[in-house]
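The values are calculated or read from the model by the stated rules, or taken from the named source; none is laboratory data. Bear in mind the structure is a predicted one, so any value in this text is a computation, not a measurement. Cβ placement follows ideal geometry from the backbone for every residue including glycine, while neighbour counts extend to all protein chains displayed.
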Amino acid sequence: MSETNVARTAITVWRCWQYGVCKGGRKAGSCPPISMGSGAHRKRGALRLVKLREMLIRTNMEDLRELTHTRHYELFRQRRLQQMGFVDVDSNNQPVSFQQTFESKRSDHLACLQAKEEEVRQMFVQRVKQKENELKDNEKELHTKFDRLKREHLEEKAQLEEARRQLEEDCQELQRRRLQMANGSHTLTLGRGKKK
């Protein structure tokens, strides 16, 4: 049943229920009219409307499901495959198999991955070389600083050694003078007396 026929049938059924006229087969007859005066008729009419609504929904939902599956989903799938690069015919209008297209896409993807991997590897090597150069520069700087500190230490050690030697000489001179003073106080007194 086509969409147009389903819609016409639904409208016809609705009108029949609404106006109380049924067309059955070849004869047109009268259905029990829905009177608005009694509650029993209202309930029966409401029940008829509920059944009609459910029937229409069921029929239309089935048609909608089939339409969605046959047309819309296939159109979506075809467009999506075209976006991904899978087409039925090539530029020369020759049919292309899905396997060939898939293999070409796969090889392109693998080549792209290899190029990216090579790029990452080159970047890694470059960073390693840069880090090695930085470490060598730091090592040279540390050696220079160590040599400078070593020279300063040797100079300070030499100065301290010279100061210690000078202090020892001063201590010896002081001891010698002390001894001389102790022995020399008699000499100095005698010497003064002789000079007078």
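Would you point out the residue of the range 59-85, among those that are under 30 Å from T101 (Cα atoms) and surrounded by 12 or more Cβ atoms within 10 Å (Cβ to Cβ), that is farthest from the chain's Cα centre (by Cα)?
L67
Under 8 Å between Cβ atoms, which residue pairs at least 6 apart in sequence (or on different chains) link something in the range 50-77 that is under 30 Å from D88 (Cα atoms) with a partner that is exposed (fewer than 12 other Cβ atoms within 10 Å of the Cβ)?
Between residues of the range 50-77 that are under 30 Å from D88 (Cα atoms) and residues that are exposed (fewer than 12 other Cβ atoms within 10 Å of the Cβ), the close pairs are D63/M1; D63/E3; L67/E3.
Go through (1) at pLDDT below 80; (2) loosely packed, with under 10 Cβ neighbours inside 10 Å one by one and return the number of the condition Q99 breaks.
Result: Q99 passes all but (1).
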